[in-house]
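S.K.: I am attaching a structure below and will ask some questions about it afterwards.
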Amino acid sequence: MGFEADNGTVLTDEMLDKRAEEYEDETWSGHGEVTMGRPRLYDEDMGTVSFRLPCSRIRAVEAAAKRQGESKSDFFRRAIDRELLESR
């Protein structure tokens, strides 16, 4: 069985197994540095903001975010950024 990468390269199970072994024994000479975790959203430290909303608003936010194909957090970030730009 094979898998086609975004660039059209076909990778076989054997190729993937070999790369996994190389990675695990630290001999892999892959492309670029491997960074654990999700990529950073901003070039500065981030903090957490927590606030309460009525459940009906939360459901409305979840529905709107889903229609936009984004998370609730992304929805809130975008709304806050838009409001901050408009208030300048």
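The values are calculated or read from the model by the stated rules, or taken from the named source; none is laboratory data. None of the values given here were measured: they were computed from a predicted structure. Backbone-built Cβ (ideal geometry, glycine too); neighbour counts: all protein chains shown. Ligands, DNA and RNA are stripped out before the accessible areas are found, and what is left, the full protein with its side chains, is counted by its heavy atoms. Shrake-Rupley method; radii C 1.70, N 1.55, O 1.52, S 1.80 Å.
S.K.: Test of understanding: among THR27, THR35, THR9, THR48, which residue is modelled with pLDDT of 90 or more and either open to solvent by 60 Å² or more (accessible area, probe 1.4 Å) or over 30 Å from ARG77 (Cβ atoms) (or both)?
M.R.: When all the criteria are applied, what remains is THR48.
S.K.: So, LEU85, is that one of a type in the set (A, V, I, L, M, F, W, C) and part of a helix (DSSP H, G or I) or not?
M.R.: yes
S.K.: Taking interchain pairs and intrachain pairs at least six residues apart, which have beta carbon atoms under 8 angstrom, with the first residue in the stretch 53-77 and closer than 17 Å to LEU41 by Cβ and the second part of a helix (DSSP H, G or I) and basic (Lys, Arg)?
M.R.: ALA65/LYS72; GLU70/ARG78
S.K.: Right, here's the next one. From ALA65, ALA79, ALA20, grab the single residue that is under 18 Å from the mean Cα position of the chain (by Cα) and open to solvent by less than 70 Å² (accessible area, probe 1.4 Å).
M.R.: Within the list ALA65, ALA79, ALA20, the selection yields ALA65.
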